[in-house]
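Down below is the structure, laid out as structure tokens.
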Number of protein chains: 2
Amino acid sequence: MKILIKNANLISMDPKKEKLQKDIDILIENNKIKKIEKNIQEEADKIIDSKNKIVMPGLINTHCHIPMSIFRETVDGLTTQNWLTKKIWPMEDKLTKEDIYYASILSYIEMIYTGCTTVNDMYFMQEEIVKAALDTGVRLEVSRTLMDSDGKGEQKLKELEDFINQYNNKYDLITLNVGIHGLYTNSEEYVEKGIEIAVKNNLKVNMHFCENSQEVEDIKKSYNVQSVVEPLEKYFKNVPLILAHSVKLTDEEIKRLSKLNVSISHCPVSNLKLGCGIAKISKMLEKNICVSLGTDGQGSGSNLDMFEEIKFCALLQKGILENPKVMPAYEVLKMATINGAKALGLGDKIGTIEEGKIADLIIINLEEKPYARPYNNIFAELIYNTKGENVETTIINGKILMENKKFLLSINPKEIYKKCEDIIKRIS
Amino acid sequence: MKILIKNANLISMDPKKEKLQKDIDILIENNKIKKIEKNIQEEADKIIDSKNKIVMPGLINTHCHIPMSIFRETVDGLTTQNWLTKKIWPMEDKLTKEDIYYASILSYIEMIYTGCTTVNDMYFMQEEIVKAALDTGVRLEVSRTLMDSDGKGEQKLKELEDFINQYNNKYDLITLNVGIHGLYTNSEEYVEKGIEIAVKNNLKVNMHFCENSQEVEDIKKSYNVQSVVEPLEKYFKNVPLILAHSVKLTDEEIKRLSKLNVSISHCPVSNLKLGCGIAKISKMLEKNICVSLGTDGQGSGSNLDMFEEIKFCALLQKGILENPKVMPAYEVLKMATINGAKALGLGDKIGTIEEGKIADLIIINLEEKPYARPYNNIFAELIYNTKGENVETTIINGKILMENKKFLLSINPKEIYKKCEDIIKRIS
């Protein structure tokens, strides 16, 4: 299958190229980007005219709980603790494998619709989450999450190893990491066992970290440390680590983190909505930490529209630092693309549009949108005036999954909406 | 002209009614809402089926600089001072009356497109801003802005009085207030003269206030006061006052402000983008101050999508107070509707959907939007998952200005985009 995208305004995120290249053609063959140049004269099975449109890498969401789509907007007016214990956990106990499958499909449809092509998930019943990803065609990094606070720790280690044996390196679209729920929900010994599995299988560790003040207190107490960074320095010296949230860190702790093989998944909307606070992202970038963006699950983060995370990320730092010069637009675009790819260990495959890389890309149309005109600065337009809704076409692994806002899926979204409404009715 | 809206999910914002009324019909006759009940059997010139859609009052933007649409995204990476002195002011000097007209039309198109039906403007060449509002059909509160720091203060007083004589109480869609640019840009004597004109004509005063730390210092110095509230207590005791921004206030100052006839126009996006900070909105609401929402001009605030201000407003307070219980969804909807109407002195005419009120309303369609399903909490859906893009139909003063995302205007938006691109090219 050959796809030829014509006359694009290309924002490739390739550091070797101009930030904006005009009137460029892109030839996709099978799942790869074969050629990027002006006026490509080659036959193709499919030609997409992108005159006056923007082509950019698909967005990469580095922290999510995919099946939580069904819990969207259940948190309003509650404390996090009440929401979890009185609403979410009792409902989660009732979820069947089929529920997880359909709730995941809803999230993948949302991703495709809003231009997100890769997601890093942390939840349970992963087989269903993987199956749904393969059935819709989105790129998924997935983990079986370790947590021993419920007394089922040993069983989970066994299940994790089985999961790795079954899924690692088996599918183009699926990569694995080892999910450790958090330091505060696991004993030191158990964390070490999780790391052992990660090292043995050459996988990264994916973990919640310092989401709120209470968690900081809990870590300090249970690990008997002065700083939350100490356990990371002790155990994670040689393991690549994706840390979600990392809201409550001091400048000194950020400096110490920068010495480890760590990337941060910043989830600004969820961090505000749950009343956690605002992570010091500008400081982290200053220390050359790889910061990417995540939506968190829709229960806390509302939706999977990465353009909203982009906007919040840029504006929050300017606001709290009282400095409009921080977070220039192009740097924020990097966080949502190539930084996300690097965080997931996929920097050589996705995150930029370059010849030889995998074709995960989106086409954005702002032409008829009064809220984006005139175009004075196209990068700032993408940060501040673009929504997932403006993504017209989504291509993942060389396959067109949405064109001109029409899904090209074997699944009917309306049926999925109905199924998910039925699930939430049944379990609430 | 009679319009009958059928089967709506009505969020009327009427405090006497259920927050959500299902399957309701709304009859509009001329510019008024004539009847709201189930199953209205009456002939109408136009029937709009709103099954599964949300009908709510049009959003009210209480702080804007309408013609600044053309300066969208010119600020990225600059300090406010550099942006103003090196970019904006030299460009503004070159603006013709025709430029102001077309730039205003662009903003009004953006308002209609994103479901905002009323705007409070503060700029110059107001005749053109009014003409553009009348030509598109949006509701406008407008002022001729007083500022004597450029030595043309006396002339401006005269022009203001002429403007009031010419436009006050002349048009359904147009109301006036007296714009005083700010305390820091005007002498005490000049402020007093502005207030005199407001009192004489029974108008409100519309003023920037405490947008950033520098302004606070400037006010304290030039008015020789300990607190920025002192000049307000001295001069504005008996004048209704709309204060834009009000970012840098202490709890004590908020308490003192609550004793005056003051409403606050909160512009969260602009305040972040210019590095001003985050206003203490939750505290102001606690003190029963009427807080409404504004976008500011697109130069600083990016766009006129009030749904973005709504989302930022709700999330910022939760985040900085580290309390997810503050800013419940319905309270934030009030800020964008009835509070805006009250701020502009139009609380008896617009801001809710009630029999006898003016028909300024919008119809929202989330039905096919994966990022909004399932519907667990419709008010939270409006706050967190709705964008201006989801507004399907906009009615102002009983007139349909957009239906199913198609403008019903004598103006061609594409021509306006072209004209505005030409303006910015010419003056940059």
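We did not get these values from a lab; they are worked out from the coordinates using the rules stated. On a predicted model such as this, the values are computed, not experimentally measured, just so you know. Using ideal geometry, Cβ is built from the backbone for each residue, glycine included, and neighbour counts are taken over all protein chains shown.
Annotations for the structure displayed:
- In the protein assembly as shown, the inverse of the mean reciprocal separation of distinct Cα atoms equals 27.9 Å; this is its Kirkwood hydrodynamic radius.
- Max mean-square fluctuation residue, GNM over chain B, Cα-Cα springs under 10 Å, options B:ALA343, B:ALA198, B:ALA44: B:ALA44
- Among the listed pairs B:LYS6/B:LYS32; A:LYS273/B:LYS325; A:LYS425/B:LYS6; A:LYS16/A:LYS357, those beyond 18 Å (Cα-Cα): A:LYS425/B:LYS6
- Charged side chains reduced to their Cβ positions (Lys and Arg at +1, Asp and Glu at -1) give the protein assembly as shown a dipole of some 120 debye around its Cα centre.
- The overall shape of the stretch B:183-305 is rounded: from the C-alpha gyration tensor, with semi-axes ordered a ≥ b ≥ c, the ratio a/c is less than 1.5.
- Between B:ALA244, B:ASN397, B:LEU140, the Cα set farthest toward the positive side of the dipole of chain B (charges on each charged residue's Cβ, about the Cα centre) is that of B:ASN397.
- Taking 19 Å as the cut-off, the amide N atoms of the stretch B:288-325 that come nearer than this to a point 7 Å along the Cα-to-beta-carbon line of B:THR79 belong to B:300.
- Measuring r between the beta carbons of B:SER187 and A:GLU367 and using R0 = 41 Å, the FRET efficiency lands at 0.30.
- Cα centroid separation, the stretch A:117-138 to the stretch B:169-224 (Å): 56 Å
- With the helix formula -39500 (n - 2.57) applied to DSSP H stretches of n ≥ 4, chain A reaches a computed 222 nm mean residue ellipticity of -10500 deg cm²/dmol.
- Distance from the stretch B:27-73 to the stretch B:373-412 (C-alpha centre basis), Å: 8 Å
- Evaluated with a Cβ-only charge set (Lys, Arg +1; Asp, Glu -1), chain A carries a dipole of roughly 680 debye about its Cα centre, given to the nearest 20.
- For the stretch A:225-236, Karplus couplings with θ = phi - 60° (6.51, -1.76, 1.60), whole Hz, Gly/Pro x: 10, 7, 10, 5, 6, 3, x, 5, 5, 6, 9, 10
- Peptide A:410-418 is shielded by partner chain Cβ atoms: per residue, an average of 2 of them sit within 10 Å of its Cβ.
- Candidates A:ILE24, A:ILE358, A:ILE70, ranked by Gaussian network fluctuation over chain A, Cα under 10 Å, top entry: A:ILE24
- Counted over the protein assembly as shown, the DSSP beta bridges are approximately 40% antiparallel.
- Relative to one another, the C-alpha centroids of the stretch A:289-344 and the stretch B:335-362 are positioned 36 Å apart.
- Candidates A:ASN288, A:ASN168, A:ASN323: whichever shows maximal mean-square fluctuation once chain A is modelled as a Gaussian network with Cα springs under 10 Å: A:ASN323
- Global form of the stretch A:59-343, assessed from the alpha-carbon gyration tensor, a/c cut-off 1.5: rounded
- Dipole of the protein assembly as shown, positive direction: furthest Cα of A:LEU333, B:GLN317, A:ILE180, with charges on the beta-carbon: A:LEU333
- Long-range HN-HN contacts of A:ILE47 with modeled amide H, under 5 Å: A:LEU4
- Charge tally around B:LEU346: other residues with Cβ under 12 Å, Lys/Arg +1 each, Asp/Glu -1 each, net +1.
- Phi angles across the stretch B:166-172 convert, under the Karplus curve 6.51 cos²θ - 1.76 cosθ + 1.60 with θ = phi - 60°, into 3J(HN,Hα) values of 7, 10, 5, 6, 9, 10, 3 Hz, Gly and Pro given as x.
- Global form of the stretch B:107-159, assessed from the alpha-carbon gyration tensor, a/c cut-off 1.5: prolate
- Each DSSP beta bridge with both residues in chain A is either parallel or antiparallel, and the antiparallel ones are about 40%.
- Candidate aspartates and glutamates - alpha carbon under 16 Å from A:LYS38, same-chain residues fewer than 8 apart omitted: A:GLU18, A:ASP23, A:ASP25, A:ASP49, A:GLU354, A:GLU355
- For A:LYS287, the shell of other residues with beta-carbons less than 13 Å away shows a net charge of +1, using +1 for Lys and Arg and -1 for Asp and Glu.
- Over the stretch A:287-427, Cα pairs under 8 Å with separation of 6+ residues give a relative contact order of 19 percent.
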